[in-house]
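We did not get these values from a lab; they are worked out from the coordinates using the rules stated. Quantities reported herein were computed from a predicted structural model and do not represent experimental measurements. Glycine also receives a Cβ, built like all others from the backbone with ideal geometry; neighbour counts cover every protein chain displayed.
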Amino acid sequence: MTTWFPTLITPTPEEGFDLAIKLARMAVKKTQPDETVRDILRPQYASDATELIAASHVVAVHFATIAAANGYWTANGDGRPR
Ligand code: HEM
């Protein structure tokens, strides 16, 4: 049982977005476990607009999954208010 990712269900869309960022970051961490390497590469992606857009896209894909899992945080589950 993992402890960092127990559920896709979040109380609010904002917390869902935070979870999406966490998933994106954890993928980087598991792909490159060496913290020293990540620390060296961080200033490069942080100052490159294309890389930041790429990171944003990854978060958006995760957020779409999380939003679907949460029924778009609406009672009827389709994102439309009743
Ligand atoms: C999907 C791609 C990525 C996303 C969404 C992402 C997101 C983030 C976020 C939100 C922060 C916190 C920024 C702050 O509050 O100042 C951060 C920090 C950091 N990122 Fe990334 N990042 C990504 C890719 C990468 C890559 C490719 C590397 C290096 C190989 C990296 C290394 C780091 C490091 C070293 C920090 C600062 C230390 C830390 O907060 O853990 N990230 N990243």
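Between the helical axis of 35-46 and the longest alpha-carbon principal axis of the chain there is an angle of about 70 degrees. When the alpha carbon coordinates of the chain are projected onto the principal axes, the ranges are 49, 34, 15 Å, largest first.
Relative to the longest principal axis of the Cα atoms of the chain, helix 13-31 runs at roughly 30 degrees. Of the residues Thr7, Ala49, Leu19, the one whose Cα sits farthest towards the positive end of the charge dipole of the chain is Thr7 (charges of +1 on Lys and Arg Cβ, -1 on Asp and Glu Cβ, taken about the Cα centre).
Compared with the dominant Cα axis of the chain, that is its longest principal axis, helix 49-69 is turned about 30°.
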